[in-house]
Amino acid sequence: MTNEMLKGKKGLVIGIANDQSIAWACAKALRQAGATLGGTWQSDKARPHVEPLLESIDADIRLPLDVADDAQLELVFDAVARQWGRLDFLLHSIAFAPKQDLHGRVVDCSRDGFLTAMDVSCHSFLRIARSAEPLMTDGGSLMTMSFLGAQEVVPHYGLMGPVKAALESAVRYCAAELGPSSIRVNTISPGPIATRAASGLAEFPALLTDYGQRAPLRAPLTIDDVGPLCAFLASDHAKSITGMTMYVDGGYHLLN
């Protein structure tokens, strides 16, 4: 990969929470590869943590986006159409489940908790893909984030397992449906990384310990291990790759 492989390409990064989030590492890698970026923050509370990061990478578009708010979603894509006239790639890095449902048994999760987790973590990707499609006039790349718990039972991952499984399936269907328009759709599945989002999982330190003991490569993961794959998938080097779940986990998924 060279620093020019995304030169001339324009894309959105949705899901930056702070400078320790995986989405931020991806944004840095995309920018270093030459892309012009736009980014969003989830709420007024998040804005002071995110807006300076977007400024540091000269993001053209900086707007609020709560994915549950259709009006905000429309404003973001209106801004893309107005300022760029097209979209080449988009990263969706968003997940949420109410704590009481996330920390309990899957069989005990509430209806509202399940629907909220599915709406924010999975259906939001479909809404975003639908909004991005008409702007990807020359094809493009849509990417989202998952975890091994979508494929295997990971202790304490709980409700997010079924939700991420639905997201990975949605990616495959989107890849089939959008492929004739040269739009590629892929999932990135990082191993356990100590982010603020991951800290919401019960017994997360135990998962990190298990990873360190059993992942074939042994080396601890960081957010910066994920960014280069995102930049590659956004580039023309990945023009024939779609519908995939791609692991960045030191081989951890091989042993579960």
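Things worth noting here:
- Among the residues of the range 1-20, those identified as crowded, with 23+ Cβ neighbours inside 10 Å and closer than 21 Å to THR222 by Cβ are VAL13, GLY15, ILE16.
- Residue count for the range 141-169 under the criterion of being touching a Phe, Trp or Tyr at 6+ places or on another chain (Cβ under 8 Å) and at positive phi: the result is 1.
- When LEU102, LEU159, LEU178 are screened for being modelled with pLDDT under 95 and of a type outside the set (Gly, Ala, Ser), only LEU102 passes.
- Candidates ALA33, ALA59, ALA29 - the one that is buried (at least 20 other Cβ atoms within 10 Å of the Cβ), of a type outside the set (Val, Ile, Thr) and closer than 18 Å to ALA79 by Cβ: ALA59
- Residues being buried (at least 18 other Cβ atoms within 10 Å of the Cβ) and either assigned to a loop (DSSP other than H, G, I, E, B) or of a type in the set (S, T, N, Q) (or both) - total across the range 84-115: 8
- Taking the range 118-172 as the range and being charged (D, E, K, R) and either crowded, with 24+ Cβ neighbours inside 10 Å or in contact with an Asp or Glu (Cβ under 6 Å, 6 or more places away or on another chain) (or both) as the test, only LYS164 passes.
- Filtered residue count, the range 206-254, keeping only those that are outside any loop (DSSP other than H, G, I, E, B), out of contact with any Asp or Glu (no Cβ under 9 Å at 6 or more places or on another chain), of a type in the set (A, V, I, L, M) and over 17 Å from THR195 (Cα atoms): 6
Here's the yes/no breakdown for (1) under 22 Å from ASP101 (Cα atoms); (2) without any contact (Cβ under 8 Å) to a residue 40 or more places away in the chain; (3) of a type in the set (D, E, K, R); (4) touching a Lys or Arg at 6+ places or on another chain (Cβ under 6 Å):
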{"site": "VAL153", "(1), (2), (3), (4)": "yes, yes, no, no"}
{"site": "MET160", "(1), (2), (3), (4)": "yes, no, no, no"}
{"site": "LYS164", "(1), (2), (3), (4)": "yes, no, yes, no"}
{"site": "GLU177", "(1), (2), (3), (4)": "no, yes, yes, no"}
{"site": "SER182", "(1), (2), (3), (4)": "no, no, no, no"}
{"site": "VAL185", "(1), (2), (3), (4)": "no, no, no, no"}
{"site": "GLY191", "(1), (2), (3), (4)": "no, no, no, no"}
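- Across the range 134-178, the number of residues qualifying as among the aromatic types (Phe, Trp, Tyr) and within 22 Å of GLY15 (Cα to Cα) comes to 2.
The values are calculated or read from the model by the stated rules, or taken from the named source; none is laboratory data. For clarity, every value in this text was computed on a predicted model and none was experimentally measured. Using ideal geometry, Cβ is built from the backbone for each residue, glycine included, and neighbour counts are taken over all protein chains shown.
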